[in-house]
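Structure record follows, encoded as structure tokens.
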Amino acid sequence: MIVESQLKVENASQRDVVPAGDYYMKVVKKGQTLRILDMEGNQAADTLFYNANDPAERYSAVDTIREQGNVYLTTGTKILSDQCNVMLEIVADTCGRHDTLGGACATESNTVRYAIEKKCMHACRDSWLLAVAENDQFGMDKRDITHNINFFMNVPITEEGGLTFEDGISAPGKYVELKAHMDVIVLMSNCPQLNNPCNAYNPTPVEMLIWD
Ligand SMILES: [Zn+2]
């Protein structure tokens, strides 16, 4: 559902532009609002959430989908943890639909989906692994990398129950906004994928904004 935000950009307390192929890893405090802005359109922001006070508790696609009775995420979606606690809630969304089934790109899936020579291409999973290695204050490692949300990514479900990666439905300036219900670690890989149409074969930056 399309809902525009009432927040003003000039009032944001933190703003970070994340180039495609890079990551963002920060704590968003309870009560703060995070906006993920698709600056140039058709980008995919592959995102994981963790309880900042106990990173073993983390985003659960299974619980989130089951409890809301919908496989797509949009305004009103409560982002649930694997302990069924509300981590964040989507409070504004000008894109309208986000995927949590397609998973993140990895060098392994690139070889299976596209070609064996794609093994060396940069992938979201690499960015996440670099993030946890460079931010050891969170005490996380490879085993903490689990299923994720693909903000702005268009992965429609076919009548037969399959998944297809389609041209993005996002556009320049579209955003999704989440209000934190607990202190959360946000780990986002701005997808560098060049092998499918989700980002129009042209990875572009996203901006992360936080309001207190
Ligand atoms: Zn990716």
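Some observations on this one:
- Yes/no for residue 199 being within 12 Å of the ligand (Cβ to nearest atom) and crowded, with 22+ Cβ neighbours inside 10 Å: yes
- The set of residues from the range 113-132 being more than 19 Å from residue 59 (Cβ to Cβ) and either modelled with pLDDT of 95 or more or within 14 Å of the ligand (Cβ to nearest atom) (or both) comprises 113, 114, 118, 121, 122, 123, 126, 130.
- Any strands (runs of 3 or more DSSP E) falling wholly within the range 45-151 and containing at least 3 residues that are touching a residue at least 24 places away in the same chain (Cβ under 8 Å) and either hydrophobic (A, V, I, L, M, F, W, C) or crowded, with 16+ Cβ neighbours inside 10 Å (or both): 45-51, 86-93, 149-151
- Exclusive hit being within 18 Å of residue 189 (Cβ to Cβ), hydrophobic (A, V, I, L, M, F, W, C) and out of contact with any His (no Cβ under 9 Å at 6 or more places or on another chain), set 73, 80, 34, 48: 34
- Every pair of residues 6+ apart whose Cβ atoms lie under 9 Å, when the first sits in the range 152-168 and is within 15 Å of residue 70 (Cβ to Cβ) while the second is of a type in the set (Ser, Thr, Tyr) and at pLDDT below 85: 155/164; 156/164; 157/164
- Selected residue (criterion: farthest from the ligand (Cβ to nearest atom)) from residues of the range 149-167 that are touching a Gly at 6+ places or on another chain (Cβ under 7 Å) and not aliphatic (A, V, I, L, M): 154
- Top-ranked residue of the range 89-105 - restricted to ones that are of a type in the set (Gly, Ala, Ser) and under 18 Å from residue 166 (Cα atoms), ranked as farthest from the ligand (Cβ to nearest atom): 96
- For the range 169-200, the set of residues classified as assigned to a loop (DSSP other than H, G, I, E, B), more than 15 Å from residue 21 (Cα to Cα) and in contact with a strand residue (DSSP E or B) (Cβ under 8 Å, 6 or more places away or on another chain) consists of 170, 171, 172, 173, 181, 182, 183, listed by residue number.
The values are calculated or read from the model by the stated rules, or taken from the named source; none is laboratory data. If you're wondering where the values come from, they're calculated on a predicted model, not measured in any experiment. Here the Cβ is made from the backbone with ideal geometry for all residues, glycine too, and neighbour counts use every protein chain on show.
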